[in-house]
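Since the structure comes first, as structure tokens, the remarks are kept for the end.
The values are calculated or read from the model by the stated rules, or taken from the named source; none is laboratory data. In this text, all values refer to a predicted model and were calculated from it rather than measured experimentally. Methodologically, a virtual Cβ is constructed for each residue, glycine included, from the backbone with ideal geometry; neighbour enumeration extends over all protein chains shown.
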Number of protein chains: 2
Amino acid sequence: MTFANVGTIGAHPGKRDEIVAILTRLNPELMNAGCLLYEVGTNDDAPDTVFVMELWESADAHQASLQLTSVKDAIAEASPLLSGDMGGHQFTVAGSPLTNPPN
Amino acid sequence: MTFANVGTIGAHPGKRDEIVAILTRLNPELMNAGCLLYEVGTNDDAPDTVFVMELWESADAHQASLQLTSVKDAIAEASPLLSGDMGGHQFTVAGSPLTNPPN
């Protein structure tokens with residue numbers, strides 16, 4: 001079942017866009033790991049927050065991706081930029097009004 | 001610029017799946033209103049919550065969609081099922097590691 005992860009990532013002041021640059025770098029490993037969608041963005045009303053929205057083929061695919069070298073490297077690279085404030089939700093996709101039945 | 005909306009919708013106990021059924025009903029109007037993605041789901045760790053994840057061609061397209069008859073009808077139909085607990089975030093998409101540069 002398609003697995004969704006949405007999250008907020010707190011940045012040290014002024015470091016938000018550096019995190020965005022790391023997270024949006026083209027990553028072919030993700031494509032091969034069952035990642036269906038991975039959008040990264042910002043909202044100037046929350047200037048020290050990076051927003052992510054992800055879809056994966058399964059919760060297992062998402063979990064396994066955290067062990068990919070490219071993902072570990074990105075986490076290590078971003079780590080000094082992070083405030084430690086993290087939020088988010090995970091859910092199993094039930095369907096979509098665009099593509100019902102579920103894709 | 002692509003606009004993202006992620007949200008949590010609180011349900012009265014036992015009514016979650018009825019809300020999911022309303023929100024996942026095929027809606028051609030959304031397709032024509034600039035909606036790029038609209039995923040609805042659940043997480044049994046939060047049994048009275050419906051999760052949504054949306055992408056729109058623009059913030060204006062999202063805002064305008066709230067005036068569509070089909071959307072107003074769905075909101076009216078779901079309204080008695082809602083607890084009133086609503087949460088979420090909105091952001092502008094900066095890019096994706098799957099499709100950099102931004103799609």
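Determine, yes or no, whether A:Ala11 is over 21 Å from B:Gly41 (Cβ atoms) and out of contact with any helix residue (DSSP H, G or I) (no Cβ under 8 Å at 6 or more places or on another chain).
Numbers: over 21 Å from B:Gly41 (Cβ atoms): yes; out of contact with any helix residue (DSSP H, G or I) (no Cβ under 8 Å at 6 or more places or on another chain): no.
Spelling it out, it is not the case that A:Ala11 is over 21 Å from B:Gly41 (Cβ atoms) and out of contact with any helix residue (DSSP H, G or I) (no Cβ under 8 Å at 6 or more places or on another chain).
Checking the structure you have, find out if any residue of the stretch B:38-50 is modelled with pLDDT under 95, crowded, with 21+ Cβ neighbours inside 10 Å and within 14 Å of the chain's Cα centre (by Cα).
Let us first name the residues in the stretch B:38-50 that are modelled with pLDDT under 95, namely none.
Checking the stretch B:38-50: not a single residue is modelled with pLDDT under 95, crowded, with 21+ Cβ neighbours inside 10 Å and within 14 Å of the chain's Cα centre (by Cα).
Identify, from the list B:Ala78, B:Ala33, B:Ala59, B:Ala64, the residue that is in contact (Cβ under 8 Å) with a residue 24 or more places away in the chain and away from every other protein chain (no Cβ under 13 Å).
B:Ala64
Run B:Pro28 past the list (1) more than 7 Å from chain A (Cβ to nearest Cβ); (2) touching a helix residue (DSSP H, G or I) at 6+ places or on another chain (Cβ under 6 Å) and report the number of the one that doesn't hold.
Of (1) more than 7 Å from chain A (Cβ to nearest Cβ); (2) touching a helix residue (DSSP H, G or I) at 6+ places or on another chain (Cβ under 6 Å), only one is false for B:Pro28: (2).
Specify the residue that is nearest to B:Leu81 (Cα to Cα); the eligible residues are those in the stretch B:1-21 that are within 9 Å of another protein chain (Cβ to nearest Cβ) and among the β-branched types (Val, Ile, Thr).
Going through the qualifying residues, I end up with B:Val20.
Rundown of residues vs (1) within 14 Å of B:Gly88 (Cβ to Cβ); (2) of a type in the set (Ser, Thr, Tyr), yes/no style:
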residue: B:Glu29; (1), (2): no, no
residue: B:Ala33; (1), (2): no, no
residue: B:Leu36; (1), (2): no, no
residue: B:Gly41; (1), (2): yes, no
residue: B:Asp45; (1), (2): no, no
residue: B:Thr49; (1), (2): yes, yes
residue: B:Met53; (1), (2): yes, no
residue: B:Ala61; (1), (2): no, no
residue: B:Ser65; (1), (2): no, yes
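Tell me the helices (runs of 4 or more DSSP H) entirely within the stretch B:1-102 that contain at least 2 residues that are closer than 28 Å to A:Arg25 by Cβ and touching a Phe, Trp or Tyr at 6+ places or on another chain (Cβ under 6 Å). Give the derivation first.
Working: elements: B:16-23, B:28-32, B:59-65, B:69-78.
Where helices (runs of 4 or more DSSP H) fall fully within the stretch B:1-102 and carry at least 2 residues being closer than 28 Å to A:Arg25 by Cβ and touching a Phe, Trp or Tyr at 6+ places or on another chain (Cβ under 6 Å), they are B:59-65.
Residues checked against (1) aliphatic (A, V, I, L, M); (2) over 12 Å from B:Ile19 (Cα atoms); (3) surrounded by 12 or more Cβ atoms within 10 Å (Cβ to Cβ):
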| site | (1), (2), (3) |
| --- | --- |
| B:Met53 | yes, yes, yes |
| B:Trp56 | no, yes, yes |
| B:Ala59 | yes, yes, yes |
| B:Gln63 | no, yes, no |
| B:Glu77 | no, no, yes |
| B:Met86 | yes, yes, no |
